[in-house]
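The values are calculated or read from the model by the stated rules, or taken from the named source; none is laboratory data. Quick caveat, the model's predicted, so the values are computed rather than measured. Please note: Cβ atoms are built from the backbone with ideal geometry, for glycine as well, and neighbour counts cover all protein chains shown. The accessibility values were calculated without ligands, DNA or RNA, using every heavy atom of the protein model including side chains. Shrake-Rupley method; radii C 1.70, N 1.55, O 1.52, S 1.80 Å.
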Number of protein chains: 2
Amino acid sequence: MSAGLEKEIERGVRLHDFYYVGRDLCCEKVRVWDIVQAVGTPVYIYSHRTIVEHFRKLKRAFQSLRPLICYSMKANSNLAVLKTLVREGAGLDIVSGGELYRARRAGCEARKIVYAGVGKTGEEIEEAIRAGILLFNIESTAELGEINRIAGRLKKKVKVSLRVNPGVDPGTHRHIATGKPESKFGLDLDTAHAVFIQSPGYPALSICGIHVHIGSQILTGEPFLKAFRKVLIFVTSLEKEGCKIEYLNLGGGLGIIYSDEKPQTAEEFAQEILPLFHHRKFRLIFEPGRFIVGNAGILAARILYLKKTPVKNFAVLDTGMNDLIRPTLYDSHHEVWPLEKDPRREKRVYDFVGPVCESGDFLARDRSTQELRAGEGLAFLSAGAYGFSMASNYNSRPRPAEVLVKGSEFAVIRKRETHGDLLRGEKVPPFLR
Amino acid sequence: MSAGLEKEIERGVRLHDFYYVGRDLCCEKVRVWDIVQAVGTPVYIYSHRTIVEHFRKLKRAFQSLRPLICYSMKANSNLAVLKTLVREGAGLDIVSGGELYRARRAGCEARKIVYAGVGKTGEEIEEAIRAGILLFNIESTAELGEINRIAGRLKKKVKVSLRVNPGVDPGTHRHIATGKPESKFGLDLDTAHAVFIQSPGYPALSICGIHVHIGSQILTGEPFLKAFRKVLIFVTSLEKEGCKIEYLNLGGGLGIIYSDEKPQTAEEFAQEILPLFHHRKFRLIFEPGRFIVGNAGILAARILYLKKTPVKNFAVLDTGMNDLIRPTLYDSHHEVWPLEKDPRREKRVYDFVGPVCESGDFLARDRSTQELRAGEGLAFLSAGAYGFSMASNYNSRPRPAEVLVKGSEFAVIRKRETHGDLLRGEKVPPFLR
């Protein structure tokens with residue numbers, strides 16, 4: 001465990017509901033080993049309590065403004081996870097027709113759904129209009145024209161908010177920084193201004209919101225404040241010109257603790273942000289994803305082999321980049337905890353690697369932990385966000401099972417794929433037979 | 001088109017069977033636009049002829065040694081692609097139980113299957129032994145013990161070859177370099193030597209081969225020669241000590257042309273390599289993957305929106321990193337060709353980005369091509385290897401269809417996924433209802 005995490009736990013700032021009871025790693029009141037025995041490995045395990053608590057933390061912190069909190073479901077779109085949050089009153093932030101489909105299946109009311117993304121197809125737009133979602137977040141003038149055209153054909157008046165790109169560097173990994181000038185996301189402020197002025201040209205649209213999202217895993221309030229202040233100056237000038245801004249969507253991007261980060265808490269974030277928005281009339285929208293589910297999940301795996309080479313100790317696992325691509329794609333850090341602690345064992349440094357045939361297939365490198373044995377189980381922490389949702393069948397590996405724990409109960413919320421599943425939809429054509 | 005590709009085509013070195021007939025991009029004798037109209041986008045399209053030709057090129061180049069060419073199916077494991085190669089006489093290089101399942105479904109004889117990978121589970125080993133595969137490529141002494149134990153229990157004598165790590169840097173992307181000393185792959189030569197000496201300790205195994213694979217997308221013969229020479233010295237010393245080496249597996253890793261690379265041809269490669277192996281008795285095995293299918297496939301997509309920002313021209317596509325992760329994961333280059341050429345249009349520089357909500361979601365950056373319009377189709381070339389096989393459902397996006405073209409015929413060899421497919425296996429547990 002890193003010093004950072006130890007301190008958080010000492011300080012009583014509960015990060016999540018994965019902790020040791022005696023020697024055994026538990027999720028809430030269930031031993032992880034019991035789940036592994038019943039379901040096999042690899043398996044994603046989520047804590048219902050952690051998910052709910054993180055949602056409530058954000059809700060409480062901002063309660064004076066009663067914002068609409070739309071969970072950003074691309075982080076983890078399992079139906080049971082969605083249902084958990086929908087039952088807490090969450091709305092959903094969707095980015096595709098597939099996510100709209102999931103959102104409706106999870107029972108989310110359409111008037112709590114906002115739809116973002118630079119590449120909405122005509123079909124997806126039509127489905128979302130017919131469903132009656134709250135708002136589209138618009139990313140380009142071309143998209144604006146397309147939605148206006150489709151809404152006109154359907155004889156609907158559709159609410160949209162413009163995603164503006166404030167040109168702020170959030171200081172995060174280049175793959176997840178979205179508010180910089182060279183980004184594909186949003187409209188620059190001049191273009192957004194022109195759109196508002198020309199809004200009568202879009203008769204089927206009500207352009208009534210501003211959306212801003214500068215990136216992911218942002219650890220301090222400063223980039224947010226900088227971006228929000230820019231946006232507020234912009235909104236004020238729009239209002240002076242007679243535009244009515246009904247919704248202000250502040251996006252997501254709140255960082256979490258993977259290793260020894262010290263992100264702002266929801267409380268601290270709210271204290272910095274709230275003063276900007278008191279005495280303003282618009283409805284605030286937040287789109288947290290990682291903040292809610294990131295620390296609510298682990299990936300549990302088994303050690304297949306230990307391998308010592310002249311320069312490394314490898315623990316070869318039954319999970320790899322196909323199940324969790326974040327380490328190789330973003331250089332991300334996931335703590336590695338043994339499912340059973342043994343304080344008598346010595347410490348040793350390992351590379352944790354998967355079975356996939358490429359060097360990028362690692363989950364953690366140069367980590368000190370207790371000496372390990374083949375057959376033992378491990379947990380990779382903070383795997384609740386962008387874990388299963390990015391999993392693939394690379395190397396013809398079935399995707400893992402997903403399990404949700406609530407108190408002393410647990411349930412498989414997605415079955416492990418089978419070899420038969422891998423071939424679904426494939427067909428040898430007549431000219432090869 | 002890059003200067004490199006243009007020259008290759010001028011020189012008549014046929015890379016693949018995607019070319020313009022008049023203004024239309026064709027795959028063999030089929031207009032790509034016709035496929036797109038029939039099947040939709042995004043879609044992976046493979047040329048049967050290119051696949052077969054690349055296999056035959058390698059076979060011809062090495063015909064004097066009659067090697068076993070085991071196609072490395074992790075590059076593209078679609079059943080129809082496998083069947084195409086199996087019918088040509090190819091064996092298969094597998095890396096998982098899922099690949100064994102696919103290999104058998106494609107009709108590959110077990111005695112032409114070799115099984116590699118650092119993380120074979122007990123279950124996978126047992127299935128492969130029962131199937132009667134030719135050889136296991138062994139990556140660690142722990143694995144050797146495990147296979148010996150399982151073979152013993154099944155009362156079988158199992159042939160294995162040791163993968164040795166020659167400590168050669170292949171000068172390729174760090175994610176796909178596998179022969180360096182800090183790699184998880186293979187045994188160092190001292191350990192491999194010790195295993196041969198101790199081979200009577202593994203009574204259920206016949207340790208009769210050496211395997212070497214130093215990485216992927218290697219452009220010159222030099223790292224291969226360096227590695228193979230090291231291996232031959234090693235083999236010679238083993239033979240002097242009385243070990244019998246029946247198989248020498250030289251792996252894969254032959255580079256292809258993505259942009260302006262100038263890789264050795266199969267012919268040139270053979271001319272460099274053959275002299276090393278004439279007058280040696282062992283059976284050679286090759287494991288080409290990318291070399292065979294890399295240039296045999298394109299990813300065809302449509303432009304949803306054009307978006308101009310103060311610093312960029314974006315073409316927003318209906319495909320992204322979920323369908324083709326190579327650009328963001330390996331900084332890989334894929335040529336972008338319009339499905340319909342229009343020589344009257346001006347040139348313009350675009351970033352080609354997808355609909356996925358992250359900055360890493362791009363397919364190509366700063367590419368000069370003809371001025372584009374929304375609704376038009378594009379092809380990303382050299383997407384036959386590590387394209388569909390690494391695709392995911394990220395952002396709840398269904399995976400694309402796959403199509404195989406043969407002459408003037410084409411057939412869907414894998415159906416496009418549906419929204420319903422995304423949810424398969426998910427279940428809301430009783431405690432959430």
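Values as computed for the structure displayed
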quantity: The range B:370-395 residues that are within 11 Å of chain A (Cβ to nearest Cβ), paired with ones that are acidic (Asp, Glu) and part of a loop (DSSP other than H, G, I, E, B) (beta carbon under 6 Å, 6 or more apart); calculated: B:Ala391/B:Asp323
quantity: Of residues in the range B:396-421 being free of Cβ contacts under 8 Å to residues at least 40 places away in the same chain and touching a Lys or Arg at 6+ places or on another chain (Cβ under 7 Å), the one nearest to the other protein chains (Cβ to nearest Cβ); calculated: B:Ser396
quantity: Sole residue being touching a residue at least 60 places away in the same chain (Cβ under 8 Å) and more than 12 Å from chain B (Cβ to nearest Cβ), chosen from A:Gly221, A:Gly132, A:Gly209; calculated: A:Gly209
quantity: Condition broken by A:Phe269, with the remaining ones in (1) surrounded by 15 or more Cβ atoms within 10 Å (Cβ to Cβ); (2) part of a loop (DSSP other than H, G, I, E, B); (3) in contact (Cβ under 8 Å) with a residue 60 or more places away in the chain satisfied; calculated: (2)
quantity: Residues within the range B:84-102 that are crowded, with 18+ Cβ neighbours inside 10 Å and within 19 Å of B:Phe291 (Cβ to Cβ), tallied; calculated: 10
quantity: Unique residue being out of contact with any Phe, Trp or Tyr (no Cβ under 9 Å at 6 or more places or on another chain), assigned by TED's automatic domain parsing to the domain that holds B:Val36 and open to solvent by 20 Å² or more (accessible area, probe 1.4 Å) when the list is B:Arg302, B:Arg280; calculated: B:Arg302
quantity: Residue list for the range A:319-346, restricted to those being buried (at least 21 other Cβ atoms within 10 Å of the Cβ) and in a loop (DSSP other than H, G, I, E, B); calculated: A:Thr319, A:Gly320, A:Met321, A:Asn322, A:Asp323, A:Leu324, A:Ile325, A:His334, A:Glu335, A:Leu339
quantity: Residue check, A:Pro181 surrounded by fewer than 19 Cβ atoms within 10 Å (Cβ to Cβ) and farther than 24 Å from A:Glu246 by Cβ; calculated: yes
quantity: Unmet requirement for A:Gly255, which otherwise passes all of (1) on the phi < 0 side of the Ramachandran plot; (2) in the same structural domain as A:Val164 (by TED's automatic domain parsing); (3) surrounded by fewer than 19 Cβ atoms within 10 Å (Cβ to Cβ); calculated: (3)
quantity: Looking only at the range A:112-123, and only at residues there that are open to solvent by 10 Å² or more (accessible area, probe 1.4 Å) and over 11 Å from A:Ala90 (Cα atoms), the one that is nearest to the other protein chains (Cβ to nearest Cβ); calculated: A:Thr121
quantity: Conditions (1) facing chain B (nearest Cβ under 9 Å); (2) touching a His at 6+ places or on another chain (Cβ under 8 Å): number failed by A:Arg326; calculated: (1)
quantity: Qualifying residue in the range B:236-244 (condition: crowded, with 18+ Cβ neighbours inside 10 Å and on the phi > 0 side of the Ramachandran plot); calculated: no
quantity: A:Leu68 vs. criteria touching a residue at least 24 places away in the same chain (Cβ under 8 Å), away from chain B (no Cβ under 14 Å) and touching a Lys or Arg at 6+ places or on another chain (Cβ under 7 Å); calculated: yes
quantity: Residues of the range A:190-225 classified as among the aliphatic types (A, V, I, L, M) and open to solvent by 30 Å² or more (accessible area, probe 1.4 Å), total; calculated: 3
quantity: Residues of the range B:347-360 satisfying the condition of being surrounded by 14 or more Cβ atoms within 10 Å (Cβ to Cβ) and either part of a strand (DSSP E or B) or of a type in the set (A, V, I, L, M, F, W, C) (or both); calculated: B:Arg348, B:Tyr350, B:Asp351, B:Phe352, B:Val353, B:Val356, B:Cys357
quantity: Condition check for A:Ser359: within 24 Å of the chain's Cα centre (by Cα), at the interface with another protein chain (Cβ under 10 Å from one of its Cβ atoms) and within 18 Å of B:Leu329 (Cβ to Cβ); calculated: no
quantity: Residue check, B:Val311 touching a Pro at 6+ places or on another chain (Cβ under 6 Å), outside the structural domain of B:Gly251 (by TED's automatic domain parsing) and either surrounded by 24 or more Cβ atoms within 10 Å (Cβ to Cβ) or over 19 Å from B:Cys26 (Cβ atoms) (or both); calculated: yes
quantity: Wholly within the range A:40-118, strands (runs of 3 or more DSSP E) carrying at least 1 residues that are under 18 Å from the mean Cα position of the chain (by Cα), closer than 16 Å to A:Leu135 by Cβ and among the polar types (S, T, N, Q); calculated: A:68-72
